[in-house]
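S.K.: Attaching a single structure in structure tokens format; questions to follow.
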Amino acid sequence: RVNVFDKDGTPLFFFGNKKSDFDGLKAPTGIAIINESVFVADEVFGCIFEFDRAGNFIRELVEKKTFSKPESIKIWGEDLVVCDKNKILSVDSQTGSVFEYVRTGNAPSRVTVASPDVNGNLLATDIVSNEVEEVKPEKLSKQDKAKLMIKLENEMKEAAKNLDFERAMELRDI
């Protein structure tokens, strides 16, 4: 389940239990909030569930068993960055489309966190190799770079719309 606290640490409510339209969370491993949606990765189900801010189940964003071992979720524009064993994936928070950014190969590895920086790179931690690696856009294919540019442009426009001009300028200068 997911426990919700106020800013002082006082428990408010919890969600994620089994209901008639939802099997319940079994092993939540990541959480992210975009606007009014709360996204929770579950290791047992291998998927991401969407809830509203009150904890009401909305939908399965990606179908069960899409991931083998989802670890964390980070926000990148309107997308979610998810680590899954030796892969870093992007999930469109609207459609649930999954896009693979990088795979570490066949060497033993377990990417536990991938966090976007202001330069459009991802900083990824590998707990098995005990490394932090910077994944640069140059390592991406042309199609991946095009998607990244669209995402950054949309994030810049959203920042400007929200009057966060400093963030918009950072994104423009990438």
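S.K.: Residues that are over 12 Å from the mean Cα position of the chain (by Cα): which strands (runs of 3 or more DSSP E) entirely in segment 39-101 hold 1 or more of them?
M.R.: Strands (runs of 3 or more DSSP E) meeting the threshold: 47-52, 57-62, 87-92.
S.K.: Can you pull out every residue in segment 110-120 that is of a type in the set (S, T, N, Q), over 27 Å from M169 (Cα atoms) and touching a Lys or Arg at 6+ places or on another chain (Cβ under 8 Å)?
M.R.: none
S.K.: Within the set of pairs 6 or more residues apart or between chains, which connect a residue that is farther than 20 Å from G46 by Cβ inside segment 11-23 to a residue that is among the charged types (D, E, K, R) and open to solvent by less than 100 Å² (accessible area, probe 1.4 Å) with Cβ atoms less than 6 Å apart?
M.R.: That search, which allows pairs on different chains as well, returns L12/D6.
S.K.: Being open to solvent by 40 Å² or more (accessible area, probe 1.4 Å), without any contact (Cβ under 8 Å) to a residue 24 or more places away in the chain and closer than 27 Å to F14 by Cα: is that true of R59 here?
M.R.: Yes.
S.K.: Residues of segment 1-22 being open to solvent by 70 Å² or more (accessible area, probe 1.4 Å), under 16 Å from F49 (Cβ atoms) and assigned to a loop (DSSP other than H, G, I, E, B), which ones?
M.R.: R1, N17, K18, S20, D21 - these are the residues of segment 1-22 that are open to solvent by 70 Å² or more (accessible area, probe 1.4 Å), under 16 Å from F49 (Cβ atoms) and assigned to a loop (DSSP other than H, G, I, E, B).
The values are calculated or read from the model by the stated rules, or taken from the named source; none is laboratory data. Remember, predicted model here, so these are calculated numbers, not experimental data. In this analysis, Cβ positions are derived from the backbone assuming ideal geometry, glycine residues included, and neighbour counts consider all displayed protein chains. Side chains included, ligands, DNA and RNA excluded: accessible areas come from the protein's heavy atoms. Shrake-Rupley method; radii C 1.70, N 1.55, O 1.52, S 1.80 Å.
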